[in-house]
Structures are given as C-alpha cells and as structure tokens.
1. How about A:LYS78: which aspartates and glutamates have a C-alpha closer than 14 Å to its C-alpha, ignoring those fewer than 8 places off in the same chain?
2. Which residue, B:TYR47, B:TYR100, B:TYR64, has the most motion in a Gaussian network model of chain B that connects Cα atoms within less than 10 Å?
3. For the range A:73-90, take each phi angle, set θ = phi - 60°, evaluate the Karplus expression 6.51 cos²θ - 1.76 cosθ + 1.60, and give the result in whole Hz per residue in order, putting x for glycine and proline.
4. Trypsin sites (Lys or Arg not before Pro) within the range B:1-79: which are DSSP loop residues with at most 16 other Cβ atoms inside 10 Å?
5. Given points 7 Å out from each Cα along the Cα-Cβ axis, report the B:ASP38 to B:HIS98 separation in nanometres with one decimal.
6. Taking the alpha-carbon centroid of each part, what is the distance from the range B:60-114 to the range A:44-114 in angstrom?
7. Taking neighbour counts of Cβ atoms within 10 Å as a proxy for exposure, in what order, fewest first, do A:SER80, A:SER70 appear?
8. Check B:ASP38: other-chain or 5+ apart residues with amide H under 5 Å from its amide H, H built from backbone geometry?
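Nothing in this text is a laboratory measurement; each read-out follows from the coordinates by a stated rule. This is a predicted model, so every value here is computed, not measured. As a convention, Cβ positions derive from the backbone with ideal geometry for all residues, glycine included, and neighbour counts pool all protein chains shown.
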Amino acid sequence: AQSVSQHNHHVILSEAASLELGCNYSYGGTVNLFWYVQYPGQHLQLLLKYFSGDPLVKGIKGFEAEFIKSKFSFNLRKPSVQWSDTAEYFCAVNDRTGGFKTIFGAGTRLFVKA
Amino acid sequence: DVKVTQSSRYLVKRTGEKVFLECVQDMDHENMFWYRQDPGLGLRLIYFSYDVKMKEKGDIPEGYSVSREKKERFSLILESASTNQTSMYLCASSFRAHSYNEQFFGPGTRLTVL
C-alpha cells in the first residue's frame, strides 16, 4: 500500500532561517506529488505540486520542492522563513494511473519565532 | 474562487446518534472527498465520489456511509456515532479531468461524540 512519511512532526525556526521539510513516499509507479499547507484557522490549501517536467517546482510564497525519483522524496524548502509561515504542512501523493485517491502524510507543524 | 462549505464548524453528539455532515461545492467539480484529520495521523480518506450516485471506499470507511444525490453535495453519515469517531472532518472537491488536479478543502467540522 502507498504511504507517505514526513520526517519531522514539529519544527521550530527563527525568522530568516532556512527550511527543509522531508517527505518520502512508498510507491513504485508514476505519481503526482503535492504539498498542502494549513495556516492557523484557515482551510487546507495547495502550496505546490509536481506531476511532470522539471523536478524542481516552485509554489506560492517562495516555497519550492524537489522531486528525486531515485530517493522517492519530495522535500519542501524555503530559503528564509517568515513568522507568517507558521502553519502545518502536509505532503501528499496519488497514483497518476490509479485515480484520485490521495494519501497524506502525518503533517509537520512549523512554528517560526519572530 | 472555489468554495467548499460544510454545514457545521462544531458538532457535539451522543454515542449511538445518527450524524449527518453535509458538504457543498460551487465549482462544478466531479470529485468529492471526505477525510478525517487527527493529530499525528494527518488526513485519512474515508470515502470519495467521482460522480453523482458513485462512491468509493477510502482507507477507513468502517462506521461511515456517504450519499451523493446531486453533483454539488456530498454527505457523510455516521449511522451510530461512537467516541472513537470524535475528530475533525474535512470535505474536499476537485475536477476529474486529471489526477494531478488540486483538491479544494472546506473549513472542517469538529465533531465530538460523548
């Protein structure tokens, strides 16, 4: 069965620090990969996604993620975090050929100190 | 803007009660999903639907049923609520054309079963 593993459940950073959140998935087929974010009191929303082409994808608010197929990874990065990046981040994967069932990771809570 | 609305933000029910959670989307999306969100477990798919009157089981369908009589509306039913169904329930929708289409989420319903 597919699974998604997020390495850190809680991350605390100071403003201007660099961020990298790890995500690994287990699935041998062709996948679509997503990062969703949930800001305090707000809906889950898409941050970025990868489905084909350049494995380095850029999303909203200066976030980017790199798909490394050989490592089954899709890590999220931001060079300099802001207090407003405090949120919970979810990595997700679905099978490109198998329909719409999407598997989410457990989430990483990021707290950015001002 | 896509809007996904859920009938209640907070709900308190007693063990054994029948519970209805309603979700409505206004963007003519074919796909609709019900997840539950629990700390440390991320989002887990309960059921999804890719068309009116169609439904597919997700990873944790036990104790739940769904109904999709109209394209814009997807209902989650707890036939006999139990305390282990206390959770945050999220509804989402997406276009069916591609598996990489993002899901749009509602605000969630926090259900407490006493």
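1. List returned: A:GLU15, A:GLU20, A:GLU64, A:GLU66.
2. Residue with maximal mean-square fluctuation among B:TYR47, B:TYR100, B:TYR64: B:TYR100.
3. For the range A:73-90, the Karplus curve yields 10, 8, 7, 9, 9, 8, x, 8, 7, 10, 4, 6, 7, 4, 4, 10, 10, 10 Hz.
4. Passing both the DSSP loop test and the Cβ count: B:LYS3, B:ARG9, B:ARG14, B:LYS18, B:LYS53, B:LYS71.
5. Reported label-point gap for B:ASP38 and B:HIS98 is 3.5 nm.
6. Using only Cα atoms to place each centre, the spacing works out to 23 Å.
7. Working: A:SER80 12, A:SER70 5.
Ascending number of Cβ neighbours within 10 Å: A:SER70, A:SER80.
8. Long-range HN contacts for B:ASP38: B:ARG44.
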